[in-house]
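Enquirer: Dumping the structure here so I can ask a few things about it.
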């Protein structure tokens, strides 16, 4: 099954000049979604994993299913002020401004190996922030797995340069 066939491309969304890659068309098809999750599970078997983390919010859709199948704890990396307990926070740059993501301080323990799953990687700023959060928590990133890599925006390449292992299921140009 070619997962690319289940990704809708929407021009000029959320703003002019952006070609948005919409995963809702993949997740609403039960066979495509099942295939996608199975591919992530299969790729994850090459790595030591104690916990699975996902970046808010679309990453949660994929990571929670993988967490269930692998019987590993699920850690949510959330936007600022969305977690009620004590948190670690990281501010980072986006293409259009700055943002903050957080994790509960008790979510990741020293030496935990963490698989990070997200729907899409563009420039990699959010993923790099996620890695820093995991490392501040005492853990280490086993691997990043993305459903979509916008290859010409170099996010995967940037993560690899930083020493992280990266996998993706499908690729599209970012423009």
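The values are calculated or read from the model by the stated rules, or taken from the named source; none is laboratory data. What you see is a predicted model; the values in this text were computed from it and never measured. Every residue, glycine as well, gets a Cβ built from its backbone with ideal geometry; the counts of neighbours run over all protein chains shown.
Enquirer: Looking at the stretch 126-151, I want the residues that are closer than 19 Å to residue 109 by Cα and have a partner that is crowded, with 22+ Cβ neighbours inside 10 Å and at pLDDT below 95 with Cβ atoms under 7 Å, at least 6 apart or on another chain. Which pairs are those?
Expert: As it stands, the answer is 130/55, since those pairs meet every condition given.
Enquirer: Sticking with this one: If a residue must be without any contact (Cβ under 8 Å) to a residue 40 or more places away in the chain, outside any helix (DSSP H, G or I) and in contact with a helix residue (DSSP H, G or I) (Cβ under 9 Å, 6 or more places away or on another chain), how many such residues does the stretch 1-27 contain?
Expert: Final tally of qualifying residues: 2.
Enquirer: How many of the residues making up the stretch 97-130 are at pLDDT 95 or above and part of a strand (DSSP E or B)?
Expert: Count: 14.
Enquirer: In addition: Got a number for residues in the stretch 102-127 being under 22 Å from residue 40 (Cα atoms), surrounded by fewer than 19 Cβ atoms within 10 Å (Cβ to Cβ) and in contact with a strand residue (DSSP E or B) (Cβ under 7 Å, 6 or more places away or on another chain)?
Expert: Residues flagged as under 22 Å from residue 40 (Cα atoms), surrounded by fewer than 19 Cβ atoms within 10 Å (Cβ to Cβ) and in contact with a strand residue (DSSP E or B) (Cβ under 7 Å, 6 or more places away or on another chain) within the stretch 102-127 amount to 2.
Enquirer: May I ask you to list the residues in the stretch 122-173 that are at positive phi and more than 11 Å from the chain's Cα centre (by Cα)?
Expert: Scanning the stretch 122-173 gives 138, 154, 163.
Enquirer: Can you name every residue in the stretch 36-58 that is in contact with a helix residue (DSSP H, G or I) (Cβ under 7 Å, 6 or more places away or on another chain) and over 28 Å from residue 99 (Cβ atoms)?
Expert: Result: 41, single match.
Enquirer: Sort out which residues of the stretch 40-76 are without any contact (Cβ under 8 Å) to a residue 40 or more places away in the chain and either surrounded by 20 or more Cβ atoms within 10 Å (Cβ to Cβ) or outside any loop (DSSP other than H, G, I, E, B) (or both), and write them in order of number.
Expert: If the condition is that a residue be without any contact (Cβ under 8 Å) to a residue 40 or more places away in the chain and either surrounded by 20 or more Cβ atoms within 10 Å (Cβ to Cβ) or outside any loop (DSSP other than H, G, I, E, B) (or both), then 41, 42, 60, 64, 65, 67, 68, 69, 70, 74, 75, 76 are the ones that fit.
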